[in-house]
Amino acid sequence: MISVKNPDRTYCLIGNEDPPCEICTEYSYSIINLYKFLGKCNALLAHMVKVMGIKIKRNYLYDIFCIPDIFWGWIPLTIIKGLKLIKRNHIDVIYVSCSPFSAALIGICLKAVTGKPLIIDFRDIYALEVESVKYASAKPLFREKIDKWFENKILNWVNLFIVTSKEMQSMYEQKYPQIDAKIFTVHNGVEPEVLSAYRPVPKYLKFTIAYAGNFYFEAVGRELFFEALALLHRKGEIHKANFQFIYYGDWSKAIREMSRGFHVEDLVLVNPSISHETLFPIIKRSHLQLLRIIKPMISTKLFEGIALNIPLLAIIPAGEVEEIIKEYSPSSYVVTDQSSEKIADAILDAMHRYEKNKIQDNNVCDFLKRFSRENLTLKIMKIIENNITLRKDAS
């Protein structure tokens, strides 16, 4: 495995975990990290044109200089490192996980030089248009064309293309019919050994909804949850003595501003990011875990929440995630339309059901049979065995 030695600390969240001891991890340097520098340049440019009445809403410097993404500085030395590792370790297959999508270019270069089969997985979509994203500022046309061209080249080079949801697979098959025989879905899944280590814990005295990580403000419905809290607050159904929403993550400022905007700041507890080991017991003590997604991607919160045996309050588009929740989490709530009233009704119903001890357990056993990392690893091994050998000579 190759990773970056000097990640861009102004952009990347750097964890404290070491890679698994049984996996040999090599590192290469990025020759340049542009995020902070181009951010300052854009701020200066915005200040200069502001006097002319021009307001810059997007950092176009990223669109111009960061192709395929801001991590392109990692490409040159990593190609060299990869070639050395392939030769030294007699590596048979090149596996690349994206994002960052600059890693795909590294994989393509390594395949071009060595002739080794190339597997690329997309945890997120790259150049596909996603209707559920409304708040993110649109890319300029020239950058859209570049990204679509590069995505097409990636998919022409791969021997296997792995995605993390059936909906993502369907979207890519529709756009690129030529990849129909080499695209497969392997979900992110969950580590059962980690999650099962936490024994049942008592719930918070206040009815508690928890959320951690990216709140996906660029997706539709970003205000619906807070609208629902405000609605219940005005009716006197929830108040500081009986309810709390706990947030952990790096969007603290935005969460505070939104809670103040809806006058529910007394119900919202905002905290910085914490480790998973610390977070999981907090999730288990909560009564509901809030879930938001950007379709067709599936948040790992889905897998963790069901495995932790906590009901979900899922404010999501209809589709694959909705089906998974309904199959494995009978006491969860799924709101698929843009209705703060239905979200408020779901919260109130959950409070009443907890009071009457009518919350059902998640079907964790069957869920882990399908979504444990161990079983998903076996699935991807079979996919590789059944397909790479058939294509190896032709690569």
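If you go through segment 27-63 one residue at a time, how many are touching a residue at least 60 places away in the same chain (Cβ under 8 Å) and among the aliphatic types (A, V, I, L, M)?
Summing the residues that are touching a residue at least 60 places away in the same chain (Cβ under 8 Å) and among the aliphatic types (A, V, I, L, M) in segment 27-63 gives 0.
Checking ALA241 against (1) assigned to a loop (DSSP other than H, G, I, E, B); (2) farther than 19 Å from LEU312 by Cα; (3) at pLDDT below 95, which test does it fail?
Looking at each condition in turn, ALA241 falls short on (3).
Contact list please: Cβ distance under 8 Å, first residue in segment 5-18 and at pLDDT 75 or above, second residue surrounded by fewer than 11 Cβ atoms within 10 Å (Cβ to Cβ), pairs at least six apart or on different chains.
Close Cβ pairs (under 8 Å, with a partner that is surrounded by fewer than 11 Cβ atoms within 10 Å (Cβ to Cβ)) amount to PRO7/ILE14.
Determine whether segment 124-147 contains at least one residue that is surrounded by 16 or more Cβ atoms within 10 Å (Cβ to Cβ), acidic (Asp, Glu), in contact with a helix residue (DSSP H, G or I) (Cβ under 7 Å, 6 or more places away or on another chain) and touching a residue at least 40 places away in the same chain (Cβ under 8 Å).
no
If the Cβ limit is 8 Å and pairs must be 6+ apart or interchain, which residue in segment 204-217 that is over 17 Å from ILE315 (Cα atoms) pairs with which residue that is in a loop (DSSP other than H, G, I, E, B)?
TYR204/SER286; TYR204/HIS287; LYS206/ALA241; LYS206/ASN242; PHE207/ILE238; PHE207/ASN242; PHE207/HIS287
Based on what the data block shows, is ILE119 closer than 27 Å to LEU83 by Cα, under 18 Å from the mean Cα position of the chain (by Cα) and touching a residue at least 40 places away in the same chain (Cβ under 8 Å)? Can you show your working first?
Details: closer than 27 Å to LEU83 by Cα: yes; under 18 Å from the mean Cα position of the chain (by Cα): no; touching a residue at least 40 places away in the same chain (Cβ under 8 Å): yes.
It is false that ILE119 is closer than 27 Å to LEU83 by Cα, under 18 Å from the mean Cα position of the chain (by Cα) and touching a residue at least 40 places away in the same chain (Cβ under 8 Å).
Name every residue in segment 243-265 that is surrounded by fewer than 14 Cβ atoms within 10 Å (Cβ to Cβ) and without any contact (Cβ under 8 Å) to a residue 40 or more places away in the chain, in order of residue number.
Matches in segment 243-265: LYS253, GLU257, ARG260, GLY261, HIS263.
So which strands (runs of 3 or more DSSP E) are wholly in segment 152-222 and hold at least 1 residues that are surrounded by 16 or more Cβ atoms within 10 Å (Cβ to Cβ), out of contact with any Gly (no Cβ under 7 Å at 6 or more places or on another chain) and not assigned by TED's automatic domain parsing to the domain that holds SER275?
160-163, 183-185
Using the structure shown, decide if PHE142 is in a strand (DSSP E or B), farther than 30 Å from ALA241 by Cβ, among the hydrophobic types (A, V, I, L, M, F, W, C) and outside the structural domain of LYS301 (by TED's automatic domain parsing).
Answer is no for this residue.
Quick test of your reading of the structure: SER286 fulfils all but one of (1) in contact with a Ser or Thr (Cβ under 8 Å, 6 or more places away or on another chain); (2) more than 20 Å from TYR204 (Cα to Cα); (3) among the small types (Gly, Ala, Ser). Name the failing condition by number.
(2)
Scan ILE120, ILE86 and give me the residue that is surrounded by 16 or more Cβ atoms within 10 Å (Cβ to Cβ), aliphatic (A, V, I, L, M) and modelled with pLDDT of 95 or more. Spell out how you get there, then give the answer.
On the way: ILE86 fails: modelled with pLDDT of 95 or more.
After ruling out the rest, the residue left standing is ILE120.
Which of the helices (runs of 4 or more DSSP H) contained wholly in segment 1-101 include at least 3 residues that are aromatic (Phe, Trp, Tyr), within 24 Å of the chain's Cα centre (by Cα) and assigned by TED's automatic domain parsing to the domain that holds ASP121?
Ranges flagged: none.
List the strands (runs of 3 or more DSSP E) that sit entirely inside segment 271-363 and contain at least 3 residues that are surrounded by 20 or more Cβ atoms within 10 Å (Cβ to Cβ) and aliphatic (A, V, I, L, M).
It comes to 288-291, 312-315.
Does ILE255 qualify as being in the same structural domain as TYR354 (by TED's automatic domain parsing) and assigned to a helix (DSSP H, G or I)?
Values: in the same structural domain as TYR354 (by TED's automatic domain parsing): yes; assigned to a helix (DSSP H, G or I): yes.
Here the answer is yes, as ILE255 does meet what is asked.
Out of everything in segment 192-232 that is over 24 Å from PHE367 (Cα atoms), within 20 Å of the chain's Cα centre (by Cα) and of a type in the set (Phe, Trp, Tyr), what residue ends up being modelled with the lowest pLDDT? Walk me through it before giving the result.
Of the residues in segment 192-232, the ones over 24 Å from PHE367 (Cα atoms) are 204-208, 214-232.
With the extra rule that they be within 20 Å of the chain's Cα centre (by Cα), the set shrinks to 214-223, 225.
Retained after the next criterion (residues that are of a type in the set (Phe, Trp, Tyr)): 215-217, 225.
Numbers: PHE215: 91, TYR216: 87, PHE217: 83, PHE225: 96.
So, considering only residues that are over 24 Å from PHE367 (Cα atoms), within 20 Å of the chain's Cα centre (by Cα) and of a type in the set (Phe, Trp, Tyr), the one modelled with the lowest pLDDT is PHE217.
The values are calculated or read from the model by the stated rules, or taken from the named source; none is laboratory data. For clarity, every value in this text was computed on a predicted model and none was experimentally measured. Cβ atoms come from the backbone with ideal geometry, glycine included; neighbour counts cover every protein chain shown.
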